[in-house]
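Notes follow once the structure below has been shown.
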Amino acid sequence: MADGLVSVIIPTLNEGINLVDTVEFVLQNSGDSLLEVIVVDDGSTDDSISILKHRFTQAPVIVKPTGGIGVPGARNAGAAEASGEVLVFLDAHCFVPENWLQPLLAALWADPKIALVGPTFAGIDPPHPSGCGNTWKDATLDRVWLPPQAQVSYVPFHGGACHVVRANVFRAVNGYDTGMTRWGSQDLELCLRLWLMGYDVVAQPHSVVFHLFRRRHPYPVNGWDVLYNKLRMAIVHFDEARLQRVIRALLPYQGIEQVLARAMVDGTWVCRERMLRERVRDIDWLFGRFNIPV
């Protein structure tokens, strides 16, 4: 199969005109594969949604309201409304040029084990460098961008500004982890989980998505919550030695005591036990394959 009907899912919260522009680019430049655009409004208080509805009255644009549930929950809510066999999760501040989608679909259908594909990312405002895939810098689990390769290549993780996923696989693994807080690491965790569940993640360098890399969010992001997401990911997936290294690396951060206490009582360890039973690949195998320094 070289094609498939696509649902583009765009979570948004106070994205302003960026949202309207992103939807317009998707509608103009996605070709015949596009089935629908699902905008998940996670509690916007600006006028972006009213402008969107006024602008695209005849287009296949669906607005799904949610109540401030954060990025993982908003993405899952959009997926629950989607009819496509391919789900494209796209940030609400992206420019997708002509021929951005077809190379991603071709890479996705190249092998039935491939579950997720990501493009090359480039900054809308130069001189931000482009990257194609992510790894981790060290035990702090800070992301590092990988350079684009000449051809489609396997990568450990992909940035969530654009995730192209088989809908049946996404639902089989229960989507993004809604135990995570509003923002941070949910994209990396999904890729990690897919690898451990027996699927593959690849980078398609011949598709470029331009992304607005910004220093501030249009909504509050709590540093403790970002820290919690890293720790939760490590608890659920890492072996004991790597988990110790992550905890040691995160100890200097303000709020780590509260984050550790929360992870002890909120069901994170139950998720770990379930993953240990269900995964089909070993964490050592994955980290060794990509030489991840954690």
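Computed from the coordinates by the stated procedures, all read-outs in this text should not be read as laboratory data. Small disclaimer: the values here were computed from a predicted structure and weren't measured. We place every Cβ from the backbone using ideal geometry, glycine too, and count neighbours over all the protein chains shown.
Over the residues of the chain, the helix contribution to mean residue ellipticity at 222 nm works out to -11500 deg cm²/dmol, using -39500 (n - 2.57) for each DSSP H run of at least 4.
Remind me, relative contact order of the chain in percent, using alpha carbon pairs under 8 angstrom and six or more residues apart?
On the way: 593 pairs, mean separation 57.2, N = 294.
In percent, rounded to a whole number, it is 19.
Put in order of Cβ neighbour count within 10 Å, fewest first, the listed residues F95, F89 become F95, F89. Taking Cα centre as origin and charging only the Cβ of basic (Lys, Arg, +1) and acidic (Asp, Glu, -1) residues, the dipole magnitude of the range 223-290 rounds to 160 debye.
Under a 5 Å amide H cut-off, with hydrogens placed 1.01 Å from N, S207 pairs with T120 among residues at least 5 apart or on other chains.
Projecting the Cα atoms of A172, V144, P205 onto the dipole axis of the chain, where Lys and Arg carry +1 and Asp and Glu carry -1 at the beta carbon, places V144 farthest toward the positive end. Looking at the chain, the DSSP beta bridges with both ends there are about 40 percent antiparallel. Estimate the FRET efficiency between Q151 and R289 by the formula 1/(1 + (r/R0)^6), using the beta-carbon distance for r and 22 Å for R0, to the nearest 0.05. My answer for the efficiency is 0.80. Residues whose amide H lies under 5 Å from that of I38, counting only those 5 or more places away or on a different chain, are V8, I9, I10, I62; hydrogens are built 1.01 Å from N in the peptide plane. In order along the range 81-86, the Karplus-derived 3J(HN,Hα) couplings, from 6.51 cos²θ - 1.76 cosθ + 1.60 at θ = phi - 60°, round to 8, 7, 10, x, 7, 10 Hz, and Gly and Pro are given as x. With percent of Cα pairs over 37 Å apart in mind, check (1) 10; (2) 7; (3) 16 and report the label derived from this structure. Here the calculated entry is (1).
Our estimate of slack between V144 and D200, defined as 0.36 nm per intervening residue step minus the Cα-Cα distance, is 18.2 nm.
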